[in-house]
1. How much length would be gained if the chain were fully extended between A:Q393 and A:D261, taking 0.36 nm per residue of separation minus their Cα-Cα distance, in nm to one decimal?
2. Determine ³J(HN,Hα), in whole Hz, for all residues of the stretch A:23-37 in sequence, where each value follows from phi through the Karplus function 6.51 cos²θ - 1.76 cosθ + 1.60 and θ = phi - 60°; x replaces Gly and Pro.
3. Return the calculated 222 nm mean residue ellipticity for the protein assembly as shown, to the nearest 500 deg cm²/dmol, obtained by summing -39500 (n - 2.57) across DSSP H runs with n ≥ 4 and dividing by the residue count.
4. When a/c reaches 1.5 or more, the comparison of a/b and b/c decides; with that in mind, is the stretch A:315-375 rounded, prolate or oblate per its Cα gyration tensor?
5. Choose one of B:A136, B:P122, B:P148: the residue whose Cα lies farthest towards the positive end of the charge dipole of the stretch B:111-151 (beta-carbon charges +1 Lys, Arg; -1 Asp, Glu; about the Cα centre).
6. Taking each residue in B:31-42, count the Cβ atoms of any other chain within 10 Å of its Cβ, then average. What number comes out?
7. Can you put A:L119, B:L323 in order, fewest other beta carbons within 10 Å first?
8. Mind giving me the FRET efficiency for B:V331 and B:D295? R0 is 30 Å, r the Cβ-Cβ distance, nearest 0.05 is fine.
Number of protein chains: 2
Amino acid sequence: MTTLAECEARDAADPLARIRQRFALPDGVIYLDGNSLGALPRAAASHLARVVEAEWGEGLVRSWNTAGWYDAPRRVGAKIARLIGAHDDEVLVADSTSVNLYKLLRAVLSADSARHTILTEPGNFPTDLHIAQGIAAVDPRVRVQLAPREAIADAAGPGTIVLLTHVHYRTCDKYDMAAVNRAVKARGGIVVWDLSHSVGAVALDLAADGAELAVGCGYKYLSGGPGAPAFLYVARHLQARLHSPVTGWLGHAAPFAFADDYVAAPGIDRFQSGTPPILGLAALECGVDLMLETDMALLAAKGQALCDLFIEQVDARCPGLELVTPRDRRVRGSHVSYRHPHAYAVMQALIARGVIGDFREPAVIRFGFAPLYTGFADAWRAVEALAQVLATQAWDDPRFAERARVT
Amino acid sequence: MTTLAECEARDAADPLARIRQRFALPDGVIYLDGNSLGALPRAAASHLARVVEAEWGEGLVRSWNTAGWYDAPRRVGAKIARLIGAHDDEVLVADSTSVNLYKLLRAVLSADSARHTILTEPGNFPTDLHIAQGIAAVDPRVRVQLAPREAIADAAGPGTIVLLTHVHYRTCDKYDMAAVNRAVKARGGIVVWDLSHSVGAVALDLAADGAELAVGCGYKYLSGGPGAPAFLYVARHLQARLHSPVTGWLGHAAPFAFADDYVAAPGIDRFQSGTPPILGLAALECGVDLMLETDMALLAAKGQALCDLFIEQVDARCPGLELVTPRDRRVRGSHVSYRHPHAYAVMQALIARGVIGDFREPAVIRFGFAPLYTGFADAWRAVEALAQVLATQAWDDPRFAERARVT
């Protein structure tokens, strides 16, 4: 059994530990929810103040040109590209994950009239399922097909768009991206990946793994701030064939010609729609810049080691929890979930003790390990608090039993 | 002819003048481009710092509940509702103007299979035209029909969705909203209004004027910051019948049930898609709050008076400019545009003198009068600078002749 002293020694020897100081983490809190909302990079506070006061306040409309605002969706996209193994010109920051999913799915459906089935798994993150259902609800040509994850690739065919979340938001199951891409492509299908719970947490190499389309979230491991803009990835060889359904003016080949007729921009720019959210982009760029100071392989390995440690400790100290996350790190992302009949109350009691994870329906507590700012001692102490909560049966405490309106 | 002293006296007597101090306007600049990017409310800088450092940094994921983040799209929407004559539950802040246009147009098309024609005017703001064209490009049932503004209402029929920008971005022509709604409705059509150049600048009363659907921009007169989120308006009686095509998880009736099946939220919430952009919403709320401290009728009257003064002065002092904005304030918004063969160089020379307006294709210079922070002396001095630029024929100066990459 790993001791606290051993965890502290690992933290002291961790080459990533210096980056923890670059985040503003509150005292007395062990934050294990960076997979829901990433912590605040200290640089984001000062950078946003500069963007607001100097660029917006002083520069005013001139800052679109002089402060790099127009370029921000491409510039930050190119930085994210380096985290996911894509080319600079394959990633764009835009809109939300939901809107980007919609744009890519509709783009593929419209480009190829023989595609008509969106194939995904039950229990996928709701927005992935819902966006697909919303498309099928109004397009009689389209249907949504569900298959369990182990049967997904076999269920694909030439009419299929496979829509998968690479790392599952609840269980943390991770698909073998290369194998799925290969199998689906061999059957004539195409895959759209949702990288929301992967990017910044696990090693990704989209080009090497044959990924063609993806979206991802800016506010989780990338620490882009609440409601940060999302990103989308379109492999170069598809960019000329695919068109965004949301043909806003900034996706035009010459937005400032103010022409009546829409002409799609070449390349990934056609997936821009409206004016980019500069404040959100500014915060996101700070988070991405911090991540680029490290090595993604190092980061992913630390995330796995944190999860391993957490699971080992819970095995030993927390009876009554059912692990729903794979023990095998090769098929796992960077969070760990457990089922407990009083999961909501357990998590509320933990939060009251300063350990912040989250609750997910049905009856799951979830702990995220953002390797940039989470230490081994954090994981160890979190388990200690969890063991205490379970031992005291905190779910009998009415303070914790009531469901919040949202969680 | 109004003198500078008279303008200064009007500013001194202006009940809105006290609000100018609440904006951070740079020294030595006369800012006449608040219709492109609104100036920075001083409160936005301090509020954003608090949102970033206390809510994001300290509160972390808890702030979704404790800091009012989840409610922000509805809360700020309800505030905007008061500016446009809508009910609190009819306005939602979400996405960009482009995405919101897409959502409303597709919602109407899907709700009523007899509607198939999007009718709009040539020269409308590009994103309005382009979004409509993008829909028609992939839906063989839909076509885009163009008609000049004076013929729009007559061209409408039961199969029509009329898409109009209430105040034209270039000419500043303003539609008679009540008359158009009445005429189009009498022919069986429905109108979607783009309020981007109206909201915060002209008096609006959507309910009284029979408006049913609208979108609008957050970063112009509302001073919501660069790329601020936009808003959409759906009249109560249509909310149950219309469905967003972008069925993201936050438009679900119970987002945190994490259910596989999409069920649209009742009311306007169904037009939410992804996680709301909290930083952008925070800045926008400051701009809207400032505007709510005044009276919209007072504000609109001052905007008109500023435009009248500007036109009077230019008439007298600036030969060679062709007014493209109506002289009649009843059919005009709050900006003034002129055609000049060397429009781009003229505007660059003006900006070099500290008077910031903007250039719009083809050959138009545009001056916006945001009544919250623009004074009569500003307008007077801007014309003086413009007269000097025209007298010195600045377009022969190579410093000003070259086109910037974007303007």
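None of the figures in this text is laboratory data; all of them are computed from the coordinates on show. Bear in mind that the values here come from a model prediction, so they are computed numbers and not experimental data. Cβ placement follows ideal geometry from the backbone for every residue including glycine, while neighbour counts extend to all protein chains displayed.
1. Computed gain between A:Q393 and A:D261 is 41.0 nm.
2. For the stretch A:23-37, the Karplus-derived couplings read 10, 8, 9, x, 5, x, 10, 9, 9, 10, 9, x, 7, 9, 9 Hz, x marking Gly and Pro.
3. Taken over the protein assembly as shown, the calculation gives -11000 deg cm²/dmol.
4. The shape class here is oblate.
5. B:A136
6. So the per-residue partner count for this stretch is 3.
7. Fewest-to-most ranking of A:L119, B:L323: B:L323, A:L119.
8. Calculated value: 0.85.
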